[in-house]
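Notes to accompany the following structure.
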Amino acid sequence: MKKHNFSAGPCILPQEVLKKASEAVINFNGLDLSLIEISHRSKDFIAVMDKAQELALEHLGLQNKGFKALFLQGGASSQFLNVAYNLLNKKAAYLNTGTWSSKAIKEAKLFGEVVEVASSKDANFNYIPKGYSIPSDIDYFHCTSNNTIFGTQLKEFPEVSAPLVCDMSSDIFSRVLDFSKFDIIYAGAQKNMGPAGTTLVVVKEAILGKIERAIPSMLDYRVHAEKDSMFNTPPVFAVYVSMLTLQWLKDLGGVSEIEKRNNAKAALIYNEIDRNPLFKGFAAKEDRSTMNATFNLVDEEAHKATFDALAKEAGLSGINGHRSVGGYRASMYNALPIESVQALVDVMQALEKQA
Ligand code: PMP
């Protein structure tokens, strides 16, 4: 039996996707060649890239609405600077909800004035700030939809007159939103989409080209948009596996169906965290993430060794919390079955019985 994989990323992918991907590494499309030893300009790979872009836009409801889906490299971390490079003339506003927002802010400061409209740093980012105001004279507003480390998630997005930019690395394709409100959405593939190695950038083309500085080609969204993500050699394997995962999502009913499953998984774990007297949740209840549930033992000294041993015995993998939060984090991305969350709940209940 495989482990119950709660890894925060790279993370669990659908078993059937892994199987198809492994087959394509040996013999792709019956070509008697591997996917990773053919030209990215071959018609077989171009079809993969086209399909991946089409599926990404389709899942977000952004087809034929002036958006481009780009498959780039350098991780979401490169987008921290790319966004600013392409959009920041004078001033941008950022909402600081954790480690990844803070890193995005740090990069943007290299390009212009950055207004931090609100921050939850005062409480180790265990909540999402609300009721802040956003200046009107900005080039864009940036937020992080899901805070992978702290287990918080934006349930609502502010109305802004400037372009709305969002790092959706850890909850893209997990829930239905009005994605047409956003001007740039970016996400590293390695949570809900595929393996590490590619980053999806969905950009509204009309917002580009308004910058005063010259942009190096590799960092220029317009160059990648014009070349359909083929300006340079794309990460062919990562794009292929992303395409397979996006197709898997479509076959099971799309984002609205996976959202129901994700809500059921989240309800299961959070009910147990709230019910079980040995545990306490980390994130503020109204801001809890459906992707990453963060929680601690009330009495670590008394129960940590037993809980860890029970978890290991049950085949639970990747539940240790990030060092900046401690405790535990159950990452429940799209491909994680509810049976795995049940296995975790069973272990929490077994600990309670033993204690
Ligand atoms: N943003 C978020 C929300 C993340 O969770 C991560 C990585 N876990 C990043 C950005 C950085 O992504 P990458 O490692 O692909 O640069």
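Read-outs: derived from the displayed coordinates by stated rules, not from any lab. All values derive from a computational prediction rather than experimental measurement. All Cβ positions, even for glycine, are placed from backbone atoms using ideal geometry, and neighbour counts span all protein chains on display.
Summary table
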item	result
Selected residue [away from the ligand (no atom under 16 Å from the Cβ) and buried (at least 23 other Cβ atoms within 10 Å of the Cβ)] from MET230, MET243, MET193	MET243
Candidate set: the stretch 61-105, residues that are hydroxyl-bearing (Ser, Thr, Tyr) and under 22 Å from VAL117 (Cα atoms); chosen: the one surrounded by the most Cβ atoms within 10 Å (Cβ to Cβ)	THR97
Matching entry among ALA92, ALA123 (being of a type in the set (A, V, I, L, M, F, W, C) and touching a strand residue (DSSP E or B) at 6+ places or on another chain (Cβ under 9 Å))	ALA92
Among the candidates ALA84, ALA93, ALA104, residue that is more than 13 Å from the ligand (Cβ to nearest atom), in contact (Cβ under 8 Å) with a residue 24 or more places away in the chain and touching a helix residue (DSSP H, G or I) at 6+ places or on another chain (Cβ under 6 Å)	ALA84
Criterion violated by SER317 - all others in (1) of a type outside the set (A, V, I, L, M, F, W, C); (2) touching a strand residue (DSSP E or B) at 6+ places or on another chain (Cβ under 6 Å); (3) on the phi > 0 side of the Ramachandran plot satisfied	(3)
Pair list, Cβ under 7 Å, 6 or more apart: the stretch 59-70 residue assigned to a helix (DSSP H, G or I), other residue among the aromatic types (Phe, Trp, Tyr)	HIS59/PHE173; LEU60/PHE179
Sole exception among (1) crowded, with 18+ Cβ neighbours inside 10 Å; (2) under 24 Å from ILE211 (Cβ atoms); (3) within 13 Å of the ligand (Cβ to nearest atom); (4) among the charged types (D, E, K, R) for ASP171, by number	(2)
Residue that is acidic (Asp, Glu) and either under 18 Å from ILE184 (Cα atoms) or touching a helix residue (DSSP H, G or I) at 6+ places or on another chain (Cβ under 6 Å) (or both), where the choices are ASP139, ASP122	ASP139
Yes/no for VAL202 being surrounded by 18 or more Cβ atoms within 10 Å (Cβ to Cβ) and in contact (Cβ under 8 Å) with a residue 24 or more places away in the chain	yes
In the stretch 174-190, the residues that are more than 10 Å from the ligand (Cβ to nearest atom), among the aromatic types (Phe, Trp, Tyr) and touching a helix residue (DSSP H, G or I) at 6+ places or on another chain (Cβ under 7 Å)	PHE179
Any hit, the stretch 230-246, residues being polar (S, T, N, Q) and in a helix (DSSP H, G or I)	yes
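Yes/no matrix, rows are residues, columns are (1) touching a residue at least 40 places away in the same chain (Cβ under 8 Å); (2) closer than 22 Å to LYS3 by Cβ; (3) in a strand (DSSP E or B); (4) not hydroxyl-bearing (Ser, Thr, Tyr):
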{"residue": "ALA264", "(1), (2), (3), (4)": "yes, yes, no, yes"}
{"residue": "ALA267", "(1), (2), (3), (4)": "no, no, no, yes"}
{"residue": "GLU272", "(1), (2), (3), (4)": "yes, yes, no, yes"}
{"residue": "PRO277", "(1), (2), (3), (4)": "yes, no, no, yes"}
{"residue": "ALA309", "(1), (2), (3), (4)": "no, yes, no, yes"}
{"residue": "ARG329", "(1), (2), (3), (4)": "yes, yes, yes, yes"}
{"residue": "TYR333", "(1), (2), (3), (4)": "yes, yes, no, no"}
